[in-house]
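All remarks here apply to the structure that follows.
The values are calculated or read from the model by the stated rules, or taken from the named source; none is laboratory data. Every value quoted in this text rests on a predicted model; they were computed, and no experiment measured them. Methodologically, a virtual Cβ is constructed for each residue, glycine included, from the backbone with ideal geometry; neighbour enumeration extends over all protein chains shown. Keep in mind that these areas ignore ligands, DNA and RNA; they rest on the heavy atoms of the full protein, side chains included. Shrake-Rupley method; radii C 1.70, N 1.55, O 1.52, S 1.80 Å.
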Amino acid sequence: MVPVLAASVFLLLTAGVYLVLQKTLLRVVIGLALVSHAVHLILLASGRQGVVAPVLLPGGGIEGVADPLPQAFVLTAIVIAMAMTIYLFAAMAALAKSGERMEVEPVPDSDEAHAPEAVQAELEGRVTRP
Amino acid sequence: MSDATVTLQTWLATGIVLMPVLAGALLFARRESNAVAGLVGATGSGLSLALIVWLLLERAQGVRVVWEWVPELQVVLSWRLNSGTLAIAALVAFVGVLVMQFAGAYFGPSAKGRRAIATLSLFEASMLGLILADNLFMLFTFWELTGLCSFFLINTDADKRDDTFAAAQQALVVTVGGALPMLLGFIYLASVGSASLTELYALDLPIRAQTIAFLLILPAVLTKSAQIPFHFWLPGAMAAPTPISAYLHSATMVKAGLILLIYLFPVCGGTPLWTLLLVPIGGVTCIWGSYRALGQDDIKLLMAWSTVSQLGLMTLTLGLGTDLAIRAGILYLFAHALFKAGLFISVGGIDHAAHTRLLSKLGGLRENTPALFWFALILSGSMAGLPPFAGFLSKELVLEKLTLAAPLVHDVAVIAIVLGSIGTVAYTSRFFFGSFTGSPRSEEASKAHSPGLGFLSAPAVLAALSLVFGIGAKWIDRWFLEPVSWSLVGRPIEAPHLALWHGITVPLVLSAGIVTFGWFLYRRLAGRGLPPGPEALSGPILFENFLSLSRALGDRLSRALAGASPSVYFGLVLVFGLMWSVPLYGKLGDFFTHQWNFGGSLVLFVQLLAIAGLILLPGRLTRVLLLSVVGFTVALLYRLLNAPDLVLTQLLVEVLTAVFFALAVRFIVTQESPSPIGLSSARLAVAVPLGLAGAALVFALDAEPPDPRLPDFFLEAAPTIAKGLNVVNVILGDFRGLDTLVETVVVILAALGVGGLLRRERSGRETELKGSFVVRQLTRLILPLAIMLALALLLKGHDAPGGGFVSGLSFAVAAILGFAAYGTRSFRARIPVEPDRIAIFGALILIAASVIPMVMGEPMLTHRHGTLSPLGAFAIKWSTTLFFEIGVVMAIAGGLTAAAMRLWEMTNTRRDGGI
């Protein structure tokens, strides 16, 4: 099972990072989802592999039972990753509603915009960026 | 030696450094001390000198620890006392007395002079600390303090000239910057040996360590002692008033590099690079300094370039790297300090008398300043290396050392020294005859008056010493050079006796030749200047270019990064993270040693297709759909890994994610281009190595099996202590309840965050969107089943797959189905409480489940278990973890439903708005 796991981690992580490095928000969110899949599989790989699920039979032994601890970790991690994805979907919807572009936008490149005085002025709320 | 003596000596040594500090502090504090500033400074130095002499007479020897500052890092304030260090300190304090006295006369009663002398005193203290420190880190601290003080000192005349700041900055950047690698070198020495010089002397470091330490420390030596290519700050520093140049640039600061070389010789003198680097650098500096000194019109600049040349000569001598060479270098160091300090002060006297320092305007000063003429004659004679002065003695010793052995490097050294010395004779003649003989070349020079006693006493003393040094060669050897050089090198040195007359020897012949050729050169040049060399190679211009280049580079870098998109930043972070993973890649070879799993490879194949489609296929919805497919393949992998709870969770999560996407899709896809994402090589270059690192990590984790005690504990304790058979759920609900509590809170926060992002907008329309008739009828059928299933997952979770998280997700799916079919309004009417309230109530249950056991005196989140058998017929297992699980279910189901309803209502209003 280990080579399959490793190959899958490779696929998910490569595609995930590739998408996270894209410019539009939807691709980044999909990329994050793929990266979290990969991380969950790595977490599982850190535990002892077993031939039986950690749901015991009454009176049964613990021989060959899979490591339950990483599974518990991954279970919560899946739910949290989902919560994050949902939050990002909502954030994208809110952005779209307010008419903003949903690109992971570059910082505007003009001398005035990131001269120290301009940044300071912005921090003090004296000037608002167009 | 008694303890009392050691304590006394510790205090005496500390006093050496403290006296000038006290003098400086006094001058800074008392504004009315303007008139006596020179006296106060000289007294401070004099007290230091007295303490040094006391310790010399006591024959103090060894390390005196004052203060264990940071012993863990080997930072200790301690003094290294022996006749060598004390003699160098004595030189610094002695010249200090003379210079302070001179400075008092030079500045007159003025606030500027008082401040300058105060700073000069602090500088002297740092210099003395540098000389006496045993601990390398303290030495470094004092070293940097001298650089800092020199910055303020060079800047003294900032009110009169506008070039002082640039000169001061140049000196500071060059010397302090050069010292930074030295700190690394010291840290290295401390890690392979010791931070104490004395302890290092007792060790015999391997050549490799010696070489590393030497290379790291070398820049500090070259910058501080003004060696090519770092020499240019020294002539620049002539912007300082003369007393300051006389002190910093003769006896003290510029000697720090040489002193460090002498100190380090026993530690890393064994490396071949010692000679290979120091001799050529010193030789070039020696020749170039002489050449430039010949071309100067300003006699102060002439002295500065002469100092550069002689520092080169000393570096070369020390670079020969034998005990005898070190001995010669030490003698030259003292002789040079005496005549160069005296000459700088004489220059100050000439400037004061004739109001000019330019050779083109001076001349004939002998008439009006006879005393200065005689002193300058002796000092110049010493500099030119004429008998019977100190300079002759030391130059003879250097040449003698060179002619004793004759490998190639020594031939090179001899040529450099001879050339440099010929120049020295010539420029010394230019200075001396140009200033004092002939007829005055300007009105100021003809009206020159003899400077007062304050200007004459220091040159008098130094000239006398230069004379005594030469004539008393025999005693100097016995009482001074022998103890000093032996204690600095750390062993006795077999050397021929020092004498003015050895008979006709090779060095004597060389000396005679040097003087003859030097005189000839002076006559030929006859006051004409020399070209300063190509401008592109001039130090200040190179330094300016270096500064503006580094500024431009920094500017360009920040511009490039400031304009970049976040993905570039993120990519950079990942690339740096990647470096950490390089050692892992070796594990990838395990791919071929493992057995291949057939079922797994089928799943993998589907996953590959889905991911390829995700990137290569057009269409926005396709992407999200394929993301779900990937999720299902991951769920299948969980199945193959024997994790049934994860399968359940993953499937439900995929459903929910798809639902939420569907709810927000109208907003989400508007800005996403439907054309394929496609491949870009830059992104792949970051992504592929990271993916490989992840795969390698899997193999690495597999190669090191985990400690079996942890899983075995949970597997054994779950049925016995927590009375549950589904170990994963027992961990979540019982053993690691606190984690679950916190994670549930995260989900609630995300759900509430969705509510915060999307403000509720109620439409005025009476009808609202809901499912069609068929959907409603189907829902009527499915909904009770879904709720039953969710309940079953909750109740059975302790022993079978299921549990709080899974059940909560199922309830959320059921609820979403409900309001989608009947509309949110009628859905709200049918449920007793708003979903977000349910979520908060669930959180309260979780908190209660944690707190109640604490009130009852048990640890947080303790649970009780038992079996109930009403009527004796059934056996129902009960456990308080159920309450905890119910809390989880309410929080998750409530939170997710609330978020979904908010999105649903927003979507509807938009539709009502008629878009």
Original post:
What is the Cα convex hull volume of segment B:1-60 when expressed per residue in Å³?
Top reply: 60 Å³
**OP:** Find how many whole Å separate the alpha carbon centroid of segment B:355-373 from the alpha carbon centroid of segment B:648-727.
**Re:** 88 Å
Original post:
What size of dipole, in debye to the nearest 20, comes out for chain B about its Cα centre when the only charges are +1 on Lys and Arg C-beta atoms and -1 on Asp and Glu C-beta atoms?
Top reply: 2040 debye
Subject >> Exposure rank, largest accessible area first [B:Trp475, B:Trp580, B:Trp54; 1.4 Å] >> reply: B:Trp580, B:Trp475, B:Trp54
Original post:
Ranked from the most accessible area to the least, with a 1.4 Å probe and all protein chains present, what is the order of B:Arg161, B:Arg623?
Top reply: B:Arg161, B:Arg623
Subject >> Leading residue at positive end of dipole, segment B:272-526 (Cβ point charges), from B:Ala337, B:Gly283, B:Thr369 >> reply: B:Thr369
Original post:
In whole angstrom, how far apart do the alpha carbon centroids of segment B:166-237 and segment B:411-475 sit?
Top reply: 32 Å
Original post:
Roughly what % antiparallel, to the nearest 5, for the DSSP beta bridges in the protein assembly as shown?
Top reply: 95 percent
Subject >> Positive-end residue, segment B:272-526 charge dipole about Cα centroid, Cβ charges, pick of B:Val515, B:Leu324, B:Phe431 >> reply: B:Phe431
Subject >> Positive-end residue, chain B charge dipole about Cα centroid, Cβ charges, pick of B:Ser681, B:Pro708, B:Ala237 >> reply: B:Ser681
Original post:
Dimensions of the protein assembly as shown along principal axes (Cα, Å, largest first)?
Top reply: 127, 66, 59
Original post:
Peptide B:715-724: average number of partner chain Cβ atoms within 10 Å per residue?
Top reply: 3
Original post:
What FRET efficiency comes out for the pair B:Leu8/B:Phe576, r = Cβ-Cβ distance, R0 = 41 Å, nearest 0.05?
Top reply: 0.15
**OP:** Please work out how much length the chain gains when fully extended from B:Asp707 to B:Leu180, using 0.36 nm per residue of separation minus the C-alpha to C-alpha distance, in nm with one decimal.
**Re:** 185.1 nm
Original post:
With charges set only on the Cβ (+1 for Lys and Arg, -1 for Asp and Glu), what does the dipole of segment B:272-526 come to about its Cα centre, in debye to the nearest 20?
Top reply: 320 debye
Original post:
Pairs B:Lys401/B:Lys474; B:Lys112/B:Lys447; B:Lys395/B:Lys474; B:Lys300/B:Lys361: which are spaced more than 22 Å apart, C-alpha to C-alpha?
Top reply: B:Lys112/B:Lys447
Original post:
Using the heavy atoms of the protein chains alone and a 1.4 angstrom probe, what is the accessible area of the protein assembly as shown per residue in square angstrom?
Top reply: 42 Å²
Subject >> Part-to-part distance (alpha-carbon centres) for segment A:2-37 and segment B:559-603, which is given in Å >> reply: 10 Å
Subject >> Kirkwood Rh, Cα atoms: Rg over Rh of segment B:100-145 >> reply: 1.16
Original post:
Can you pull the semi-axes for chain B, root of five times each eigenvalue of the Cα gyration tensor, sorted largest first, whole Å?
Top reply: 86, 32, 28
Subject >> Linear extension gain, B:Ala50 paired with B:Ser565, 0.36 nm per residue minus alpha-carbon span >> reply: 178.7 nm
**OP:** Please give every one of the lysines within straight-line cross-link reach of A:Lys97, meaning a C-alpha to C-alpha distance under 21 Å, and leave out same-chain neighbours fewer than 8 residues apart.
**Re:** A:Lys23
Original post:
If contacts are Cα pairs under 8 angstrom and at least 6 residues apart, what is the relative contact order of segment B:272-526 in percent?
Top reply: 27 percent
**OP:** Using just the helices of chain B, give the 222 nm mean residue ellipticity in deg cm²/dmol: DSSP H runs with n ≥ 4 each add -39,500 (n - 2.57), and the total is spread over all residues, rounded to 500.
**Re:** -24000 deg cm²/dmol
Original post:
B plus A alone minus the pair: what accessible area, both sides summed, probe 1.4 Å, in Å² to 100?
Top reply: 8400 Å²
Original post:
Based on Cβ point charges of +1 for Lys and Arg and -1 for Asp and Glu, what charge dipole magnitude is obtained for segment B:169-305 about its Cα centre, in debye rounded to the nearest 20?
Top reply: 80 debye
Subject >> Förster-model FRET efficiency, 45 Å R0, B:Leu547 and B:Val70, C-beta, rounded to 0.05 >> reply: 0.85
**OP:** Report the dimensions of segment B:664-714 along its three principal axes from the alpha-carbon atoms, largest first, rounded to Å.
**Re:** 53, 31, 11
Subject >> Rg/Rg_ref, segment B:719-828, where Rg_ref = 2.2 N^0.38 Å and atoms are Cα >> reply: 1.37
**OP:** Summarise the accessible area of the protein assembly as shown (1.4 Å probe, protein heavy atoms) by the percent that is carbon and sulfur.
**Re:** 69 percent
**OP:** Could you order B:His336, B:His863 by accessible surface area, starting with the largest, using a probe radius of 1.4 Å?
**Re:** B:His863, B:His336
**OP:** Along each of the three principal axes of the Cα atoms of segment B:272-526, give the extent in whole Å, ordering the values from largest to smallest.
**Re:** 56, 35, 31
